[in-house]
Amino acid sequence: MSEHQTETCFIKIIKGQRGKLSRFIDQLHVDDNTYHNDNIIEGWRSHFHKLAKKEQNQNYDTQYRQDLIEKEAKIIIDICKDRFKHNPISEEEISKAISCLNRNKAADFFGVNAENIIYGGKQLQQYLQLLINRSLELGCISDILKIGTLFPVFKNKGGARYAKNYREITVTPIYSKIIEKIIKLRENPIILEKQNQLQRAFTENTTPLLCELIIEEFERESKDLKLPTYIALLDGKSAFGVVVHSNLIRR
């Protein structure tokens, strides 16, 4: 290899490395504050803390309305408890739930990843089955299993130094994911029967591109007919940052 080719190759490698490291920032803007280098983690903590904080709506009678919703949610929970009949998790269900776990993902808060469970053997599977059955029988999931590790992910729009241009991805405990998989296996067939046929997001074996196709064809037809076309897309800012469970249960 000639000297010129070596230099060209070296430059190409450097550019490739820069591309991989382009998301590493040395400055972060959170509202009116700027954080640098080692203090960036504090900036993330401040940003996501504000997103998760409940804000009082001035046009909403919180004292009356929220109290009423919480009372109704408690009534719903009590009714569910009275009618509850534990349906034990089978060996087949726990095995299928474990096999559905996504591999090659980050470890959870406790340092456990999917591979630890998948290759943990039959004894571990039986222990998890016993543990989950006991939790569901008592209607209790320990708060420690709700601890997640939060990662900021750039939205690929706007400046990378602004916290508002990131979405949060939370890695939840693997044990919690197994419970979610079991519930999904049980409830998904019922949900699919009730679900609107036009819904595509969060639906297995479907793609939102089909919904986009309908809009595009409508726009093309309107253009051919020389008719005005108005399309409005609604997006809730940080819609899933805070979910009030009592409201969700009531809904």
- Taking every other residue with Cβ under 14 Å from the Cβ of residue 141 and scoring Lys and Arg +1, Asp and Glu -1, one gets 0
- Report the local net charge at residue 171: Lys and Arg +1, Asp and Glu -1, summed over other residues whose C-beta lies under 15 Å from its C-beta. +1
- Task: With a Förster radius of 25 Å, plug the Cβ-Cβ distance of residue 251 and residue 83 into 1/(1 + (r/R0)^6) and report the FRET value to the nearest 0.05.
- Result: 0.85
- Measuring from label point to label point, each 7 Å out along Cα→Cβ, what is the residue 187 to residue 51 span in nm? 2.4 nm
- Three-way shape call for the stretch 78-180 based on the alpha-carbon gyration tensor, with the a/c threshold at 1.5: oblate
- Query: Which value in nm describes the separation of the simple spin-label points at residue 104 and residue 212, placed 7 Å from the Cα toward the beta carbon?
  - Reply: 2.4 nm
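Given the Cα-Cα distance of residue 71 and residue 205 and 0.36 nm per residue of separation, how much length would full extension add, in nm? Could you put the intermediate results ahead of the total?
Working: separation 134, 0.36 × 134 = 48.24 nm, distance 3.91 nm.
Stretched out fully, the residue 71 to residue 205 stretch lengthens by 44.3 nm.
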- Query: Taking 0.36 nm per residue of separation and subtracting the Cα-Cα distance, what length does fully extending residue 118 through residue 42 add?
  - Reply: 23.8 nm
- Query: Using unit Cβ charges (K, R positive; D, E negative) and no other charged atoms, how large, in debye to the nearest 20, is the dipole of the stretch 153-251 about its Cα centre?
  - Reply: 560 debye
- Item | Among the listed pairs 96/122; 71/146; 71/184; 105/181; 146/181; 53/157, those beyond 19 Å (Cα-Cα) | 71/146; 71/184; 53/157
- For the stretch 117-126, in order, what is each residue's ³J(HN,Hα) by Karplus, 6.51 cos²θ - 1.76 cosθ + 1.60 with θ = phi - 60°, in whole Hz (x at glycine and Pro)? 7, 4, 9, x, x, 5, 5, 5, 4, 5
- Mean Cα-pair separation over length for the stretch 115-210, i.e. relative contact order, pairs under 8 Å, 6 or more apart, %: 18 percent
- Query: Taking θ as phi - 60°, what are the ³J(HN,Hα) couplings along the stretch 131-145 by the Karplus curve (6.51, -1.76, 1.60), each to the nearest whole Hz, with x for Gly and Pro?
  - Reply: 5, 5, 4, 5, 4, 5, 4, 8, x, 9, 10, 4, 4, 5, 7
- Message: Can you give me the distance in nm between label points at residue 32 and residue 229, each placed 7 Å from the Cα along the Cα-to-Cβ direction?
- Response: 4.4 nm
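All of the numbers you see were taken from the coordinates with simple rules; none came from a lab. Not measured: the values here are computed from a predicted model. Neighbour counts are summed over all protein chains in view; Cβ atoms, including those assigned to glycine, are modelled from backbone coordinates with ideal geometry.
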